[in-house]
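Chemist: Let me give you the structure first, and then I'll get to my questions.
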Amino acid sequence: MARSLNQVTLMGNLTRDPELRNTPNGQNVTNFSIALNRSYKDSGGEWQEATDYVDIVCWGPLAERVNQYLSKGRRCLVQGRIQSRAWEQEGQKRSKVEVLANDVTFLDGRSDDNAQNYSDDSSSKPASKKSKKDDVVVEDIGDEPINLDDIPF
């Protein structure tokens with residue numbers, strides 16, 4: 001009997017904040033959902049937009065990191081496998097297909113790091129920026145060409 005391959009890689013935006021829970025035996029589990037946008041041509045030749053929603057499950061230390069660093073609207077890359085679950089609720093059989101994540105890559109930078117405010121007025125452009133670390137001033141050199149002989153390495 002041939003083996004099957006169950007591997008999925010998805011990139012999308014979180015539709016809600018991750019929910020971290022603990023199992024009765026102390027294991028961390030985080031659930032979240034991502035939206036996957038796609039475009040296609042309909043029968044009339046017009047471009048249409050569609051969105052698919054996929055539920056993601058993370059366990060252990062990965063669950064903690066996802067809960068700590070991701071939030072609604074943030075982009076991520078999820079690698080894992082598809083799993084299906086079935087249960088009975090109020091006398092009705094229920095089932096669900098979701099992705100069990102092995103790895104989650106955070107694609108957006110932190111929104112509060114290096115945030116800079118620029119005026120809407122295009123004529124007011126910052127001429128220099130100061131670095132917090134060494135108080136080094138970096139000046140805007142404008143349209144002057146760079147002479148490669150001036151570079152020390």
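Chemist: Anything in segment 1-41 that is of a type in the set (Phe, Trp, Tyr) and exposed (fewer than 14 other Cβ atoms within 10 Å of the Cβ)? List them, or say none.
Modeler: Listed by number, the list holds a single entry, Tyr40.
Chemist: Could you tell me whether Val57 is within 28 Å of Ser4 (Cβ to Cβ), out of contact with any Cys (no Cβ under 7 Å at 6 or more places or on another chain), in contact (Cβ under 8 Å) with a residue 12 or more places away in the chain and surrounded by 10 or more Cβ atoms within 10 Å (Cβ to Cβ)?
Modeler: When the stated conditions are applied, Val57 passes them.
Chemist: Now for a different question. Would you confirm whether any residue within segment 96-106 is closer than 22 Å to Leu36 by Cα, of a type in the set (A, V, I, L, M) and not in a strand (DSSP E or B)?
Modeler: No.
Chemist: OK, next. Of the residues that make up segment 82-97, is at least one within 18 Å of the chain's Cα centre (by Cα) and either within 16 Å of Asn13 (Cα to Cα) or among the charged types (D, E, K, R) (or both)?
Modeler: no
Chemist: Could you please tell me which pairs satisfy a Cβ distance under 9 Å, a separation of 6+ or placement on different chains, a first residue in segment 64-91 that is under 20 Å from Thr23 (Cα atoms), and a second residue that is at pLDDT 95 or above and aromatic (Phe, Trp, Tyr)?
Modeler: Going by the 9 Å Cβ cut-off, the qualifying pairs are Val66/Phe32; Asn67/Phe32.
The values are calculated or read from the model by the stated rules, or taken from the named source; none is laboratory data. No experiment lies behind these values; they were computed from the predicted model shown. When we count neighbours, we look across all protein chains shown, and the Cβ atoms used for this are built from the backbone with ideal geometry, even at glycine.
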